[in-house]
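I have placed the structure first, in the form of structure tokens, so that the comments after it can refer back to it.
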Amino acid sequence: MNQFTATYTDQYQLAMAQVYFKKGQKDQQAVFDYYFRKLPFKSGYAIFSGLEDLLDILARLRFSENDLQFLKEQGFEKDFLEYLKDFQFKGKIYSVKEGDVVFPTRPILQVEASIIEAQIIETILLNLLNFQTLIATKASRMRLVAGDATLLDFGLRRAQASGGYFATRAAIIGGFNGTSNVVAGKDFDIPVSGTMAHSFVQSYDDELTAFRDFAEGRPENCVLLVDTYNTLKSGIPNAIKVAKEMEKRGEKLLAVRLDSGDLSYFAKESRKMLDAAGLEYVKIAASNQLDEYVIKSLLEQQAPIDIFGVGTNLVTGDPDGALDGVYKLAFSAGKPRIKISESIIKITLPHKKQVFRIKDENGKCIGADAIGLYHENSIEEMHHPFEPYKSMSLKHYEQEALLELVMNEGKVLQEKRSLSEISEYSISRLSELPIEYKRFNNPHIYKIGISETLKEERDGLIKMQKNKL
């Protein structure tokens with residue numbers, strides 16, 4: 001589903017690029033940081049997602065003849081368009097591993113490239129990473145509370161157009177087991193699963209015949225939707241009849257699905273009726289406006305639900321809708337660069353950097369990441385990035401460098417991983433995070449600090465800029 005050319009960008013990226021080109025700055029090298037300022041969903045962490053998609057797209061990002069003709073019509077100059085004919089990303093990408101747990105204000109990914117290349121890829125980078133990280137984080141929160149239950153993505157029909165395609169991918173990274181999204185299942189090798197719609201039952205004169213025909217047409221993965229008319233008086237009794245008929249044919253009904261009403265009550269009553277009929281193996285699936293809080297509540301009520309089909313609240317990232325990821329210049333033309341703001345949290349960090357995860361002597365994450373200059377191999381003391389008198393000694397801790405070179409000269413360096421491998425990695429990294437950071441109510445705040453050297457560089461640049469005013 002490669003719908004991307006290099007015009008998948010904002011107009012101002014190209015306007016700036018043309019100025020750089022006209023002023024002879026097209027080969028000027030720059031470093032940009034990608035990070036976000038605020039965790040979504042009042043969570044204590046986020047799950048980084050979208051990296052492999054981004055690298056695949058960057059490796060083949062070009063301007064087509066049609067693109068160039070369109071840009072000519074927009075008033076871009078001939079010599080600049082000639083330059084864009086041969087455009088391709090030839091820079092470097094440093095990144096944390098996809099699926100890792102990430103936190104605000106620290107670089108997650110760095111781009112090192114010519115200023116034009118770095119600017120043109122900004123929009124697609126933010127578009128992919130912000131959205132997939134948001135959805136993977138939402139999915140991860142559901143996985144945390146769902147335990148061993150199966151989680152299925154049912155959200156394509158409610159997603160923001162083709163965003164549902166990438167939402168499915170991110171949901172798997174966050175811990176979901178499968179999807180109803182056929183094209184994403186095909187492209188990403190994701191297990192595809194589904195049931196039936198109410199319209200199927202309604203199209204028949206009676207529910208039992210509808211169930212029988214569906215079971216005949218789909219004997220190996222048959223899930224019957226039981227709430228079209230009356231869940232306990234009609235749906236479950238008819239599902240039991242069909243399940244018994246399937247047994248005689250050597251088949252088994254996989255599950256029944258509840259899609260309305262008091263899901264906890266109906267699940268408990270349905271379980272009793274199924275068990276009484278000797279159908280203990282038939283699973284109960286539930287859908288209908290589920291999210292992490294509803295799933296948590298249902299399981300706390302001991303609702304015997306085996307499968308959760310989650311739609312709208314997953315693929316739209318409800319209630320946040322967007323991750324506030326940003327892309328900021330840190331180094332250009334041989335000099336560190338900084339953006340100063342009245343809001344101290346919006347003051348950027350200069351230079352090319354490295355990020356370290358701080359661990360105890362047993363290799364366990366203590367709940368802190370430290371940002372240093374790229375050449376720093378370790379950090380003795382980290383300082384709070386916004387509160388000048390807060391610091392923490394790191395002398396007796398292990399430090400894991402997180403930013404790795406994943407693309408060089410426009411070529412992808414890392415081996416492609418399956419989504420299940422990325423998901424397993426994500427779950428393992430999340431398991432290293434102390435439980436205080438994973439609770440839903442008032443999670444502990446993960447510490448982010450900067451090295452003494454980086455602090456001095458930043459403060460010096462702030463002072464220099466203020467002296468110019």
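Okay, residues lined up against (1) aromatic (Phe, Trp, Tyr); (2) at pLDDT 95 or above; (3) in contact with a helix residue (DSSP H, G or I) (Cβ under 8 Å, 6 or more places away or on another chain):
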residue: Leu84; (1), (2), (3): no, yes, yes
residue: Gly91; (1), (2), (3): no, yes, yes
residue: Tyr94; (1), (2), (3): yes, yes, no
residue: Val101; (1), (2), (3): no, yes, yes
residue: Ile120; (1), (2), (3): no, yes, yes
residue: Asn127; (1), (2), (3): no, yes, no
residue: Val145; (1), (2), (3): no, yes, yes
residue: Thr150; (1), (2), (3): no, yes, no
residue: Thr179; (1), (2), (3): no, yes, yes
Residue that is surrounded by fewer than 17 Cβ atoms within 10 Å (Cβ to Cβ) and among the charged types (D, E, K, R), where the choices are Asp318, Asp291: Asp318
Sole miss for Glu376 among (1) surrounded by fewer than 18 Cβ atoms within 10 Å (Cβ to Cβ); (2) acidic (Asp, Glu); (3) touching a residue at least 40 places away in the same chain (Cβ under 8 Å) is condition (1)
Somewhere in the stretch 198-208, is a residue out of contact with any Pro (no Cβ under 7 Å at 6 or more places or on another chain), among the small types (Gly, Ala, Ser) and within 27 Å of Arg157 (Cα to Cα)? yes
Pick from Leu405, Leu430: which is part of a strand (DSSP E or B) and open to solvent by less than 80 Å² (accessible area, probe 1.4 Å)? Leu405
Please verify whether the stretch 60-74 includes one or more residues that are touching a Lys or Arg at 6+ places or on another chain (Cβ under 6 Å) and among the aliphatic types (A, V, I, L, M). no
When you scan the stretch 253-318 for helices (runs of 4 or more DSSP H) that lie fully inside it, which ones turn up with 2 or more residues that are more than 16 Å from Arg158 (Cβ to Cβ) and basic (Lys, Arg)? 263-276
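Quick one: which residue in Ala255, Ala243, Ala197, Ala267 is in contact (Cβ under 8 Å) with a residue 40 or more places away in the chain and open to solvent by less than 60 Å² (accessible area, probe 1.4 Å)?
The conditions single out Ala255.
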Would you tally the residues in the stretch 115-151 being open to solvent by 10 Å² or more (accessible area, probe 1.4 Å) and either over 27 Å from Val294 (Cβ atoms) or within 16 Å of the chain's Cα centre (by Cα) (or both)? 10
For the structure I just gave you, tell me whether Glu52 is part of a helix (DSSP H, G or I) and touching a Lys or Arg at 6+ places or on another chain (Cβ under 9 Å). yes
Any residue at all in the stretch 260-267 that is modelled with pLDDT of 95 or more and more than 24 Å from Gln301 (Cβ to Cβ)? no
If only one of Gly99, Gly50 is in contact (Cβ under 8 Å) with a residue 12 or more places away in the chain, small (Gly, Ala, Ser) and in contact with a Leu (Cβ under 8 Å, 6 or more places away or on another chain), which one is it? Gly50
Condition first: free of Cβ contacts under 8 Å to residues at least 12 places away in the same chain, in a loop (DSSP other than H, G, I, E, B) and more than 30 Å from Gly460 (Cβ to Cβ). Can you find one or more residues in the stretch 433-443 that meet it? yes
Test Glu361 against the criterion of being within 16 Å of Ile448 (Cβ to Cβ), in a loop (DSSP other than H, G, I, E, B) and open to solvent by 70 Å² or more (accessible area, probe 1.4 Å), and give yes or no. no
Can you confirm whether the stretch 267-280 contains a residue that is under 25 Å from Arg143 (Cα atoms) and out of contact with any helix residue (DSSP H, G or I) (no Cβ under 8 Å at 6 or more places or on another chain)? yes
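The values are calculated or read from the model by the stated rules, or taken from the named source; none is laboratory data. Since this is a predicted model, take the numbers as computed values, not measurements. Glycine also receives a Cβ, built like all others from the backbone with ideal geometry; neighbour counts cover every protein chain displayed. Note: accessible area is taken over every heavy atom of the protein model, side chains too, but ligands, DNA and RNA are not part of it. Shrake-Rupley method; radii C 1.70, N 1.55, O 1.52, S 1.80 Å.
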